[in-house]
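Structure record follows, encoded as structure tokens.
What follows draws every value from the coordinates through simple rules; no lab data is involved. Please read all numbers here as calculations on a predicted model, not as lab measurements. Cβ placement follows ideal geometry from the backbone for every residue including glycine, while neighbour counts extend to all protein chains displayed.
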Amino acid sequence: MSDAFTVLWTQDVCRALRKAGRVGERPPVAFSGVHSSLPAWTGAQVGDEVYALHVNRREVFGVSRMRVVDRERRGCCGTAPATWEDPAHPGHDDWSMLGAGGCGAEPVHVDATPVRFDTLIPGELLAGLTWRNRRGRTRRLKYVVDGRLENSVSLQGFYRLTPDSAAELADVTASAVSRR
């Protein structure tokens with residue numbers, strides 16, 4: 001059985017996606033890293049889903065739903081760097097804002113829905129979202145007040161959703177895709 005995760009895309013990442021004209025396009029890759037500058041996709045396996053979320057004015061949006069295809073460097077990534085000055089993944093320059101230049105960045109190839117910024121996660125769903133750690137302990141999102149997120153700190157990172165919360169996010173993103 002596959003798992004589902006969330007990852008928070010920051011204001012800087014989302015601004016770069018808009019500026020580069022990536023809205024409406026499907027990212028072929030995201031990046032994982034060991035440094036705190038990148039989310040560590042350590043628990044994600046082939047077939048798992050990852051929901052990229054974005055917080056704007058205390059509202060949470062689903063930006064893209066990504067299914068992990070593989071976590072290997074492939075030909076599409078471009079030539080591996082020979083020196084520290086060389087780009088790490090020149091084949092993915094169009095999506096470099098997702099972390100290609102991050103410290104220890106590793107590619108995670110994905111099959112993704114198009115990037116969009118209009119899929120609002122409803123406040124009642126937001127308050128009920130639940131994540132679980134490897135030991136099975138669960139937690140809810142902190143700082144949700146009247147269906148709005150007052151502080152995004154509990155979303156920052158890469159976290160495994162409970163099956164019920166994963167199904168609810170899948171419904172929200174599926175209905176957003178069908179509205180197009």
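Quick check on the exposure proxy: order 94, 3, 86 from fewest to most C-beta atoms within 10 angstrom.
Ordered by Cβ neighbours within 10 Å, fewest first: 86, 94, 3.
From the residues 157, 130, 110, which one has its Cα farthest along the dipole of the chain in the positive direction, the dipole being from +1 and -1 charges on Cβ of Lys/Arg and Asp/Glu about the Cα centre?
Farthest along the dipole direction, towards plus: 130.
Dipole size in debye (nearest 20) for the stretch 4-178 around its Cα centre, Lys and Arg Cβ +1, Asp and Glu Cβ -1?
In debye, rounded to 20, the stretch 4-178 gives about 480.
Can you work out the FRET efficiency for the pair residue 135 and residue 15, with r the C-beta to C-beta distance and R0 = 30 Å, to the nearest 0.05?
0.25
Give the label of the value calculated from the structure for semi-axes √(5λ) of the Cα gyration tensor in Å, choosing from [x] 23, 19, 16; [y] 27, 18, 16; [z] 29, 18, 14.
[y]
Looking at the chain as a GNM with Cα springs under 10 Å, which of 113, 83, 138 has the largest mean-square fluctuation?
83
Loop-only check: which trypsin sites (Lys or Arg not before Pro) in the stretch 39-99 are DSSP coil with at most 10 other Cβ within 10 angstrom?
57
Given the options 79, 119, 162, which has the most mean-square fluctuation in a GNM of the chain, springs set between C-alpha atoms less than 10 angstrom apart?
Answer for the Gaussian network model of the chain: 79.
With only alpha-carbon atoms in the gyration tensor, what are the semi-axes of the equivalent ellipsoid for the stretch 131-180, in Å, largest first?
22, 17, 9
Which residue, 95, 41, 84, has the most motion in a Gaussian network model of the chain that connects Cα atoms within less than 10 Å?
Its mean-square fluctuation being the largest, the pick is 84.
Using only Cα atoms, find the angle between the long axis of helix 163-178 and the longest principal axis of the chain, and express it within 0 to 90 degrees, rounded to the nearest 10.
Tilt of helix 163-178: around 80 degrees.
Charges on Cβ only, +1 for Lys and Arg, -1 for Asp and Glu, centred on the Cα centroid of the chain; of 7, 21, 34, which one is farthest towards the dipole's positive end?
So the residue we want is 7.
What's the center-to-center distance, using Cα atoms, between the stretch 120-180 and the stretch 1-76 in Å?
So the two Cα centres are separated by 15 Å.
Take every Cα pair under 8 Å in the chain that's 6+ residues apart, average their separations, divide by the length, and report that relative contact order as a whole percent.
Working: 362 pairs, mean separation 52.4, N = 180.
Relative contact order, the chain: 29 percent.
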